[in-house]
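**Q** My questions all concern the structure below.
The values are calculated or read from the model by the stated rules, or taken from the named source; none is laboratory data. Model, not experiment: these values are computed from the prediction. Note: ideal-geometry Cβ built from the backbone for every residue, glycine included; neighbour counts use all protein chains shown. The protein model used for the area step is the full one, side chains on, heavy atoms only, and it has no ligands, DNA or RNA in it. Shrake-Rupley method; radii C 1.70, N 1.55, O 1.52, S 1.80 Å.
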Amino acid sequence: MAGAIIENMSTKKLVIVGVILLLFQAFAFMVGGLIAPSPTTAAHYLASKCVDTVKHRQETKWFMPWGPNQCDKIRTFDEAMAKKIEANNIVFAVHIPLPNKEMSPWFQFMLVILQFDIAFKMYNQIGDGAMVTIDVGLAYRDDTLSEWTEIAHSFEQRKLNCNFTTAKTFENEGRYYECDLLPFMEIGSVAHKYYLLNIRLPVNERKKVNVGIGEIKDIRLVSIHQNGGFTKVWFAMKTFLTPSILIIMIWYWRRITLMSRPPVLLEKVILALGISMTFINIPVEWFSVGFNWTWMLLFGDIRQGVFYSMLLSFWIIFCGEHLMDQTERNRFSVYWKQVGPIVFGSFCLFIFDMCERGVQLTNPFYSIWASDVGTELAMAFIIVAGICACLYFLFLCFMVFQVFRNISGKRTSLPAMTKVRRLHYEGLIFRFKFLMLVTLTCAAMTVIFFIISQVNEGHWQWGEHTVQVNSAFFTGIYGMWNLYVFAIMFLYAPSHKRYGDEQSSGQCITGDAGANSGEDIQLTTTITHVDGPTELYKMTGKEAQE
């Protein structure tokens with residue numbers, strides 16, 4: 001019997017393979033749920049108000065909020081007014097992490113969110129469209145005795161979006177506005193132990209700089225970084241899965257090349273899917289522990305984008321190849337209408353990522369969310385991406401339905417066969433339909449993961465609307481992708497039974513030469529001269545042609 005492993009493997013062995021894959025899938029979820037901590041940790045900081053007594057300072061001085069060399073501090077701005085300290089001489093200092101703690105390269109990235117505590121005053125209210133100008137510097141050091149080294153310095157603007165929920169009267173003076181969180185900083189590598197932020201709010205009434213922003217009492221920061229324990233579990237999974245996919249991919253392609261016919265489009269796309277899975281699996285993140293590679297976040301997004309594109313394109317071609325007739329089949333150009341939008345959407349994802357994380361390679365304080373136009377574009381992008389992902393899934397469901405209908409049309413010829421042959425073909429159809437349902441399940445989980453990832457990445461810019469993503473979801477989906485790619489390459493590899501003498505028989509399915517000769521002729525005229533990995537592939541193509 002010629003064909004792929006999915007057709008030739010006994011039902012018992014196939015069930016064993018399925019159970020093993022299912023156990024690995026459960027293990028992937030349990031790794032995240034029972035072993036790995038939550039993916040990220042948030043730490044809250046209240047900026048200390050330091051006083052810079054030297055005007056027009058030439059060299060950069062860094063102000064420490066605590067420790068042996070801590071700055072001269074004031075508690076409130078009323079104290080500053082009493083001491084006649086100008087606003088331009090006040091520096092908000094934040095040391096990351098908190099005292100007696102250290103940052104680690106295992107944290108992978110650091111995202112910092114800013115929030116102002118602004119008190120209501122009748123004669124100093126927040127104006128419409130108020131913009132805060134921030135003079136900010138970031139420095140690092142790796143021990144408590146060395147000098148601070150500057151990483152970045154920038155002048156940034158952030159728009160205040162604050163609401164005062166009570167009546168604006170003299171009796172309510174001193175109450176605080178409710179202000180949205182503001183994106184502040186993101187670095188793609190945590191290569192140093194200690195970080196220091198110095199923030200100034202320069203005032204220039206003539207140029208209307210920081211005028212009409214209310215009475216700022218305090219600055220609060222939230223620092224979010226990846227958990228070191230989750231990073232280690234994630235790296236371990238990548239290190240284990242990389243050789244697994246690489247080995248099965250080499251084995252699969254070796255079997256393809258041993259065949260007398262050239263590979264068809266479906267087999268080439270399966271290989272491309274394996275390559276893209278290997279690309280995202282390779283644990284280059286290990287180097288980020290020893291090197292200050294700030295571009296790792298961007299590179300990770302690019303790798304994930306390549307895999308998304310390949311996976312979505314594979315599902316379209318996988319279904320389409322079981323719908324096309326033989327004249328249309330096996331040509332990549334036929335799918336340009338379906339694959340083109342996927343490639344275009346991935347390119348838009350890349351441009352969007354470059355507009356933020358690409359710029360952050362040189363200026364970690366840049367954020368596309370800082371401006372009204374950028375916020376609207378980012379929000380529109382996330383919403384459109386979510387809608388397109390849902391539409392893609394619906395279109396894939398429609399294609400799967402068409403494939404099932406195409407196969408059902410072929411089942412009309414089954415009653416004319418002997419019982420053994422009929423049961424054989426019914427088994428093939430059942431196996432293929434089950435695989436298609438697994439494919440739909442993987443597609444649904446992938447779409448959900450993509451939407452939740454986009455929402456989770458942007459929720460700090462939206463305020464309180466958030467989605468809590470458990471570590472088990474990350475490890476489970478990642479394991480699912482690898483197991484699905486592994487299963488596709490294994491099941492669609494040519495069976496070793498192909499490399500026998502049956503190639504000379506000229507029949508696609510061997511049978512009893514005498515009793516079943518009529519059926520052999522019927523099947524031969526149905527599916528001969530149609531090359532492909534499986535019998536169903538051949539049957540659906542020939543039927544469409546007829």
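**Q** In segment 190-210, what residues are open to solvent by 10 Å² or more (accessible area, probe 1.4 Å) and either modelled with pLDDT of 90 or more or touching an Asp or Glu at 6+ places or on another chain (Cβ under 6 Å) (or both)?
**A** Passing the criteria: ALA191, HIS192, LYS193, TYR194, ASN198, ARG200, LEU201, PRO202.
**Q** Another question, then. Mind checking whether some residue in segment 295-302 is of a type outside the set (Ser, Thr, Tyr), in contact (Cβ under 8 Å) with a residue 60 or more places away in the chain, open to solvent by 30 Å² or more (accessible area, probe 1.4 Å) and not in a helix (DSSP H, G or I)?
**A** yes
**Q** If you check every pair at least six apart or on different chains, which have Cβ atoms under 9 Å apart with a residue in segment 191-212 that is closer than 16 Å to ALA152 by Cβ and not assigned by the TED database to the domain that holds MET103 first and a residue that is assigned to a loop (DSSP other than H, G, I, E, B) and modelled with pLDDT of 90 or more second?
**A** none
**Q** Please go through segment 249-275 and give me each residue that is over 21 Å from TRP315 (Cα atoms) and in a loop (DSSP other than H, G, I, E, B), ordered by number.
**A** Result: LEU258, MET259, SER260, ARG261, PRO262.
**Q** Is one or more of the residues making up segment 79-87 outside the structural domain of VAL284 (by the TED database), in a strand (DSSP E or B) and of a type in the set (Gly, Ala, Ser)?
**A** The answer is no; no qualifying residue exists.
**Q** Would you please name the residue that is farthest from ALA472 (Cα to Cα), looking only at residues in segment 243-279 that are under 19 Å from the mean Cα position of the chain (by Cα) and open to solvent by 20 Å² or more (accessible area, probe 1.4 Å)?
**A** Among those that are under 19 Å from the mean Cα position of the chain (by Cα) and open to solvent by 20 Å² or more (accessible area, probe 1.4 Å), it is ILE275.
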